[in-house]
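Report on the structure given below.
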Amino acid sequence: MSWFQTVTPSQLGREDFIQTFADIYEHSPWVAERTYDGGIDANCDHIETLHALMAKVLLNAERDEQLALINAHPDLAGKAAVQGELTQASTSEQAGAGISQCTPEEFERFTSLNKAYKDKFGFPFIMAVKGSNRHAILASFEERIHNDPADEFDRALAEINKIALFRLQKM
């Protein structure tokens, strides 16, 4: 089990807990709120334990809440990235995967795939990009666009939970 380096979740009151963990799930502080309300103890000072509780909150949420959270995520190499409108965490994650270094042709491919994916599934392509690169991301995009919508919805939630774990590991 890994300990948090910058925070001790079990020592936080509700307001501080929510403020600290509000953006672990992109623009969705309700995940932190429900996690805290479900009970926080010293076991939550382990990253994996807190992550498991937060992931359970997401997976037990209503479908419309899950969809809203999925839709809160920016397109990879999308307009928000180009215009510098991403959250700090998303900016760092996309830059770490080399997305900011795309050629004009790669940006065009991302734009085309983002549109086709949203047209098919009704939400943005979600991928935990830490440890990946733009070439692998494009390959995954091209593979996953052929998935069944229900499977891809579940995959988006799984990817969001991976992103949340990576964010918690930075704390």
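Quick check on my filter: what residues within the stretch 11-45 are under 16 Å from residue 161 (Cα atoms) and of a type outside the set (Val, Ile, Thr)? Within the stretch 11-45, 21, 22, 23, 25, 26, 27, 28, 29, 30, 32, 34 qualify. Against the condition part of a helix (DSSP H, G or I), on the phi < 0 side of the Ramachandran plot and not assigned by TED's automatic domain parsing to the domain that holds residue 124, how does residue 23 come out, does it pass? It is false that residue 23 is part of a helix (DSSP H, G or I), on the phi < 0 side of the Ramachandran plot and not assigned by TED's automatic domain parsing to the domain that holds residue 124.
Residue 86 falls short of the stated requirement of being modelled with pLDDT of 95 or more, touching a helix residue (DSSP H, G or I) at 6+ places or on another chain (Cβ under 6 Å) and assigned by TED's automatic domain parsing to the domain that holds residue 158. In the stretch 40-65, what residues are in a helix (DSSP H, G or I), touching a helix residue (DSSP H, G or I) at 6+ places or on another chain (Cβ under 8 Å), surrounded by fewer than 18 Cβ atoms within 10 Å (Cβ to Cβ) and free of Cβ contacts under 8 Å to residues at least 40 places away in the same chain? 42, 43, 65 - these are the residues of the stretch 40-65 that are in a helix (DSSP H, G or I), touching a helix residue (DSSP H, G or I) at 6+ places or on another chain (Cβ under 8 Å), surrounded by fewer than 18 Cβ atoms within 10 Å (Cβ to Cβ) and free of Cβ contacts under 8 Å to residues at least 40 places away in the same chain.
For residue 139, the criteria (1) surrounded by fewer than 19 Cβ atoms within 10 Å (Cβ to Cβ); (2) out of contact with any Phe, Trp or Tyr (no Cβ under 7 Å at 6 or more places or on another chain); (3) at pLDDT below 95 hold in every case but one, which is (3).
Can you go through 14, 34 and tell me which one is within 18 Å of residue 157 (Cβ to Cβ) and either modelled with pLDDT under 95 or surrounded by fewer than 19 Cβ atoms within 10 Å (Cβ to Cβ) (or both)? Step through it out loud before you land on a result.
On the way: 14 fails: within 18 Å of residue 157 (Cβ to Cβ).
One residue alone meets the criteria, 34.
The values are calculated or read from the model by the stated rules, or taken from the named source; none is laboratory data. Bear in mind the structure is a predicted one, so any value in this text is a computation, not a measurement. No Cβ is skipped: glycine too gets one built from the backbone with ideal geometry, and neighbour counts run over all protein chains shown.
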